[in-house]
Amino acid sequence: MAELQMLLEEEIPAGKRALVESYQNLTRVADYCESNYVQAQDKRKALEETKAYTTQSLASVAYQINALANNVLQLLDIQASQLRRMESSINHISQ
C-alpha cells in the first residue's frame with residue numbers, strides 16, 4: 001500500500017514534471033542550436049554540435065519516458081493485484 005501511495009504521490013508526478021522540464025530544455029536547445037548555426041563561421045562544426053546536443057537531449061527524454069512508463073506499469077500491477085484480492089474476497093463472501 002505504501003508503494004502505491006509513493007507512486008501516486010511522488011514518483012509519477014516527479015516523472016511528469018521531469019518531462020515538462022525536458023520539453024522546455026529541448027526548446028531552449030533548439031533555439032540555441034538554430035542561432036548558433038546561423039551565426040557560425042564554421043557551419044560543419046555548428047552542425048556537429050547540434051547533432052551532439054540533439055542526441056544527448058533525446059537520450060535523456062527517452063530515459064525519462066522509460067522511467068515514467070515503468071512507474072505506471074508498476075502502478076497498474078499493484079492495482080491489478082488489489083483487484084484480484086478484492087475479487088477473491090467477494091467470492092468468499094458469496095459462498
When (1) within 30 Å of VAL29 (Cα to Cα); (2) surrounded by fewer than 11 Cβ atoms within 10 Å (Cβ to Cβ) are applied to ARG85, the one that fails is (1)
Considering residues that are without any contact (Cβ under 8 Å) to a residue 12 or more places away in the chain and open to solvent by 90 Å² or more (accessible area, probe 1.4 Å), the number found within segment 32-55 is 9
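Identify, from the list ALA14, ALA2, the residue that is out of contact with any helix residue (DSSP H, G or I) (no Cβ under 6 Å at 6 or more places or on another chain), open to solvent by 50 Å² or more (accessible area, probe 1.4 Å) and small (Gly, Ala, Ser).
Details: ALA14 fails: open to solvent by 50 Å² or more (accessible area, probe 1.4 Å).
Result of the check over ALA14, ALA2: ALA2.
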In the set GLN64, GLN74, the lone residue that is under 30 Å from ARG85 (Cα atoms), open to solvent by less than 100 Å² (accessible area, probe 1.4 Å), of a type in the set (S, T, N, Q) and touching a residue at least 24 places away in the same chain (Cβ under 8 Å) is GLN74
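The values are calculated or read from the model by the stated rules, or taken from the named source; none is laboratory data. If you're wondering where the values come from, they're calculated on a predicted model, not measured in any experiment. We place every Cβ from the backbone using ideal geometry, glycine too, and count neighbours over all the protein chains shown. These accessible areas exclude ligands, DNA and RNA; they are computed on the full protein's heavy atoms, side chains included. Shrake-Rupley method; radii C 1.70, N 1.55, O 1.52, S 1.80 Å.
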